[in-house]
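One structure below.
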Amino acid sequence: MTDRSYEQLSALLDNASENSREQEQQLDTLLSDSEAQQVWSRYALIGRVMKGDTADQQPLDISAAVAARIESEAPPTQVVQGRFGKQRIQRWLRPAGSVAIAASVALIAVVSVQQNTPVVPEETVQPAFATAPLGGRNPVSYNTVLQSNEPTQAELAQQTRLLQSYMLDHQQQLQLSLQAQQLNENLETTSETAAESDGKPTEND
Amino acid sequence: MGLLLASVTVSTAAQENVTDNASNTTPSPTAQSPASSAEFWFNQMSTALRELNFEATLVKSSGSRLEPMTWLHGVYQDGLEVELVVRLNGADVRSVRIGDDTSYYSQPSDSSYTLHSDVTYGLLPAAFYQPFEALQPHYQVRVDRGMRVTGRATYFIRILSRNNDRYHYGLWIDRSSGMLLKMQMTTPQGEVLEQIQLTTFSERESMPISLSDLRGVPRPPRLHEIRNLEAPQYGVQAQWLPAGFELLRASHRRIAGTQLATDHFLYTDGLTEVSIYVSNRQQQALPELAIQGPESLFNLNLGEHAITVVGKLPATTLERIAQSVQADSE
């Protein structure tokens, strides 16, 4: 659909068309075009929300309704095509059922490790860090091998994984601290000073 | 919930207008001293990032990596902000920010989540959305005539750390809209580590159409954090950080991915953040090493502890932080 037809639809919705003939024409278009019908229903929904026609506390239900609608919608070929890839909107706007910050942040983190670490020749990147915990016992030979300055492939892989996990953890903490600041900006400062006085003896300041 | 968010955004927008007006009461920014004029343009940018309706494409370069993205921003008539950032290469990662909630959608792995934050993480430093005052004590800002960027006349702003112990930023700001068109993060010596370059930028009268139906979309689950964090256990702490860094959070936990037990301290100076990790040296078993890049890392063995410092800082600064770690004197 073109921008023009979006405008026409919107005008039709608001009864803002110039004359009745134009309106009739637009109605015809609407009735014959499934794409236009989908856009219509979305605009109508947006309009209702904006005008406050929906009952209080309704927005949550609306998103559920939208979700249900999206679920029931036809495959991507029939979905409105926009300048910025609307055909994919249906797919990516469906949220995942479970929360796992790790994997998606890992995408970012792994990327930065990849470009940052000439030190570590290991190239393989695993978006999900499905690994055995590093803590606990290392192989007995580990330290000796390291002292000879020729770590094995396995050790390098393990080191890379650890470096990546530091980068990943740092980025996660940054995001969480953004949220913490947003949630509780006033309390933040009090808990901050509390944390500081707890963790740091005064003579060191 | 949407209505609630809207009113919140309106009130912050009103605050921004106040500060904006404050800087406008002085007749002409260019007539002032370079520093305050630079602050003026920095604040123009932070306002533009919140208030403009625009469609842009950009390339982010980090080391040898190039990453194209589309970046859309708009404000609903009731003042609610919407921002959409889409990565165009590789994994399909998108973020949608509506008011104070930011959702990160990723494909194909089903790990999307929502955070309560009025800044999209990963594109620009959060400080760019705030007036410059917050950075004032530790950074200075300079303005100059900028080159032509994305076909537009710009002002060039430099943000420099006062002690040269942090990375510097160069910003090219559109003269007519105040929009950020290009950004460079460099070492104090001038080596470019990270860049953002807008390749197209169109300002719109109203919200871009592609954003108009985002308001009702389902959001992934909200990520909640455990309230009661465990206190640090190893009894060691950094005794030196560059001026202005303050502790944001401290805890003992297992780090993401490898489950290594660590004490973690996160510090910020308002623009730059740094993490200090302390773990058992035997368990960690990393050699001493330094990585300098957009995200630097320094690892140091200190007695029975391994100290790892991570952040957007020069490796030498991270080293000095790591070296300063000592047992808390009781």
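What longest region of chain B stays clear of trypsin sites (Lys or Arg not before Pro) that DSSP places outside H, G, I, E and B and that have at most 16 other Cβ atoms within 10 Å? So the longest stretch without any such site is B:1-147. Residue B:242 sits among other residues whose Cβ lies under 13 Å from its own Cβ, and their net charge, with Lys and Arg +1 and Asp and Glu -1, is -1.
Along the charge dipole of the stretch B:34-177, which of B:113, B:126, B:68 sits closest to the positive end, that is, farthest toward it, with unit charges on the beta carbon of Lys, Arg, Asp and Glu (+1, +1, -1, -1)? Farthest towards the positive pole: B:68. Geometric descriptor of chain B, per residue, is 161 Å³ (volume of the convex hull of the Cα atoms). For the stretch B:73-206, give the percent of accessible area contributed by carbon and sulfur heavy atoms, probe 1.4 Å, rounded to a whole number. The nonpolar share, carbon plus sulfur, comes to 45 percent. Accessible area buried by the pairing of A and B, both sides summed with a 1.4 Å probe, works out to roughly 7700 Å². Each label point was placed 7 Å from the Cα along the Cα-to-Cβ direction; for residue B:222 and residue B:77 their separation is 2.8 nm.
Spacing of the modelled spin labels on residue B:65 and residue B:206, each 7 Å from Cα toward Cβ, amounts to 3.9 nm.
Translational diffusion coefficient of the stretch B:28-107 (Stokes-Einstein, Kirkwood radius from Cα pairs, 25 °C, 0.890 mPa s): 166 µm²/s. Over chain B, Cα pairs under 8 Å with separation of 6+ residues give a relative contact order of 14 percent. Over all Cα atoms in the stretch B:150-208, the spread is summed up by Rg and Dmax: 13.6, 43 Å.
Expressed as a fraction of 2.2 N^0.38 Å, the C-alpha radius of gyration for the stretch B:236-327 is 0.98.
The values are calculated or read from the model by the stated rules, or taken from the named source; none is laboratory data. Note that the structure is a prediction, hence the values are computed from the model and not measured. Reconstructed Cβ throughout: ideal geometry from the backbone, glycine too, with neighbour counts over all protein chains shown. Note: accessible area is taken over every heavy atom of the protein model, side chains too, but ligands, DNA and RNA are not part of it. Shrake-Rupley method; radii C 1.70, N 1.55, O 1.52, S 1.80 Å.
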